[in-house]
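Single-structure report; data block below.
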Amino acid sequence: MEPKSTPCCSSAPDGGAAPCSCSGPATVPGEIRTTDSVITSANRLDHFLARWGVNRMGHRVEPGLYRLGNPTPESPVFASANYTLSFDALRSALTGVDAYILVLDTKGINVWCAAGKGTFGTEELIRKIEATRLSLVVTHRRIIVPQLGAPGISWMEVLRRSGFRVEFGPVRAADLPVYLDTHTATPAMRTVQFPLRDRIVLIPVELVQVIPWAVVATLVVGFFINWMTAAQVLTAVLAGTVLFPALLPYIPTKDFTTKGLVLGALVMLPFIWSGSTTGMSPSTLAGYAVTSLLVFPPVTAFLSLNFTGATTFTSRTGVRKEIFTYMRVMAGMFGVGIVLAAALFVIRLGVV
Amino acid sequence: MFDSYRKTTLELDTERCINCGICQTVCPHAVFAAGKKGVILAAPEACMECGACMKNCPVGAISVESGVGCAEAMIRQAITGSKTATCGCGGEGESSCCGGGANE
């Protein structure tokens, strides 16, 4: 299939840093950048900052075609996203492999999420194949796309419109060396897990998003009510953002909201126990226990429900069902708890 | 009880299936398995509605309502009344969804 010649810069030689006056796309047609498989300390710092949500959308690599090692026209071509974590996972997994990497412009989003949104998609892949004049760079017509790019990429469309055959590689870049031996993936390479390590790395981003709110709420409650209650606020929030991702598979029930309610109730028990040791009267203690268990678990549960967006397995139908089932329950528990706490406070004032 | 994830919108038209196996390749949760005449839904409850199978089925035998499975996006959708739920990680970088990033 002959590549369409682009209106300008069509004479730029491959790899040549030809000055080009085209405006618009950042990719100069025919330009090939060079990369390697080394993860530097600067890369590691960038990954760390990305995990902490610092300059969240700024962890990008320049889209376009890259040369890894010393590729020949027969070397494989891999597609990736222009998110540093995605690109770096790919190039470091390909240590010792001569290949081309075609980086799509996913606006700094990882492959899977970008595929869900369509930016890691059929249109963008075809656009980049044409813009980089890939058909002149390699003699074959195959491109290895990460399996998790499949929600955005239709192999039929890509073949029909670009002449390139999409080969869906394994889920994880780390499995590529084994995959490349036979170009077949084992069922394990085709399935997504959500192990402890993958859950833990998500905690910082969850945390930095709620920290400002949590700090304000804790201080307000601390100053206007008391510091014990402030500690409960902070505990409920940390349970939903830190403990929940870590303990996810071990908390009973399937629904995230009910898991969150269970966890939220558990972390309130030490407070209730400490209330019982500080000489609260039985009726005061009972009131304290009931209000604590009504007000705080819904906070933890709400944060837990939000974590569905970061998991690798929750369906939209299921999450929607959870929202419809539990939103009112959570709001109701919280509201009744607040009213009850206020009523008990007023009664105690009257008694004393 | 307490399991909202048992049913999904995934549907397979076994009449149309030509047994090419691409759905088995792209599915990240091993929902499909090889059957006698065509693929079968081996674990439909594991479906996360990502839509990869529908997008790549050459004969249109699979339908699923795919979309962002993100509570925050859906709550925002419910509040703002917009038709489609989009997760905020597309530009504003405010949402906790799409936190996963180690994926190739």
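Here, each number is a calculation from the coordinates, and none is a lab measurement. Source: prediction; values computed, not measured. Cβ coordinates were reconstructed from backbone atoms using ideal geometry, including for glycine residues, and neighbour counts include every protein chain displayed.
Cross-link partners among lysines for A:LYS128, C-alpha distance below 22 Å, same-chain residues fewer than 8 apart left out?
Partners found: A:LYS4, A:LYS107, A:LYS117, B:LYS55.
How high is the FRET efficiency from A:LEU196 to B:CYS20, r the C-beta distance, R0 45 Å, rounded to 0.05? Write down the numbers at each step before the final one.
Working: r = 36 Å, r/R0 = 0.80.
The value I calculate is 0.80.
Skipping prolines and chain starts, which residues have an amide H placed within reach, meaning under 5 Å, of the one on A:PHE168, given they are 5 or more residues away or on another chain?
The list, which skips near neighbours in sequence, is A:VAL145.
Aspartates and glutamates within cross-link reach of B:LYS36: Cα-Cα under 14 Å, excluding same-chain residues under 8 positions apart?
Within the straight-line cut-off, B:LYS36 pairs with B:GLU15.
Which value in deg cm²/dmol, rounded to the nearest 500, describes the helix-derived mean residue ellipticity at 222 nm for the protein assembly as shown, given -39,500 (n - 2.57) per DSSP H run of n ≥ 4 and division by the residue count? Present the calculation step by step, with values, prior to reporting the outcome.
Details: 19 runs with 205 residues, N = 456.
Mean residue ellipticity, 222 nm, calculated: -13500 deg cm²/dmol.
So for chain A, taking the charge dipole from beta-carbon charges (+1 Lys/Arg, -1 Asp/Glu), which of A:PHE194, A:ALA79, A:THR258 sits furthest toward the positive end?
About the Cα centre, the residue reaching furthest to the positive side is A:THR258.
Which ³J(HN,Hα) values, rounded to whole Hz and listed in residue order, are derived for region A:184-198 from phi using the Karplus coefficients 6.51, -1.76 and 1.60 in 6.51 cos²θ - 1.76 cosθ + 1.60 with θ = phi - 60°, glycine and proline given as x?
So the J values, rounded to whole Hz, are 10, 9, 6, x, 5, 6, 9, 10, 9, 9, 9, x, 3, 4, 5.
In whole angstrom, note down how far apart the Cα centers of region A:145-166 and region A:236-264 are.
Taking the Cα centre of each part, region A:145-166 and region A:236-264 sit 38 Å apart.
How much length is gained on full extension from A:VAL242 to A:MET228, taking 0.36 nm per residue of separation minus their Cα-Cα distance?
Numbers: separation 14, 0.36 × 14 = 5.04 nm, distance 2.04 nm.
The span from A:VAL242 to A:MET228 would gain 3.0 nm if fully extended.
Separation between the A:ILE347 and A:GLU123 pseudo-spin-labels, each 7 Å from Cα along Cα→Cβ, expressed in nm?
For A:ILE347 paired with A:GLU123, the spin-label model returns 6.2 nm.
Using 7 Å Cα-to-Cβ label points, what is the A:VAL178/B:ALA42 separation (nm, one decimal)?
1.7 nm
Using the crude model of +1 on Lys and Arg Cβ and -1 on Asp and Glu Cβ, and no other charge, please compute the dipole size for chain A relative to its Cα centre, in debye to 20. Write down the numbers at each step before the final one.
Details: 29 positive and 21 negative charges, 142 e Å.
It comes to approximately 680 debye.
Report the full-extension gain for the segment A:SER276 to A:ASN55: residue separation times 0.36 nm, less the Cα-Cα distance, to one decimal in nm. Intermediate values should be presented prior to the final figure.
On the way: separation 221, 0.36 × 221 = 79.56 nm, distance 4.60 nm.
In short, 75.0 nm is gained.
For chain A, which span is the longest to avoid every loop-located (per DSSP) member of trypsin sites (Lys or Arg not before Pro) having at most 16 other Cβ atoms inside 10 Å? Present the calculation step by step, with values, prior to reporting the outcome.
Details: sites that count: A:LYS4, A:ARG141, A:LYS254.
In chain A, the maximal stretch lacking such sites is A:5-140.
Calculate the mean, over all residues of peptide A:190-198, of how many other protein chain Cβ atoms lie within 10 angstrom of the residue's Cβ. Please report the intermediate quantities before stating the final value.
Details: counts 7, 5, 8, 2, 1, 0, 0, 1, 4.
Average per residue, whole number: 3.
Excluding residues fewer than 8 places away in the same chain, name every one of the aspartates and glutamates whose C-alpha is closer than 14 Å to that of B:LYS7.
Cross-link targets: A:ASP255, A:GLU322, B:GLU45, B:GLU49, B:GLU65.
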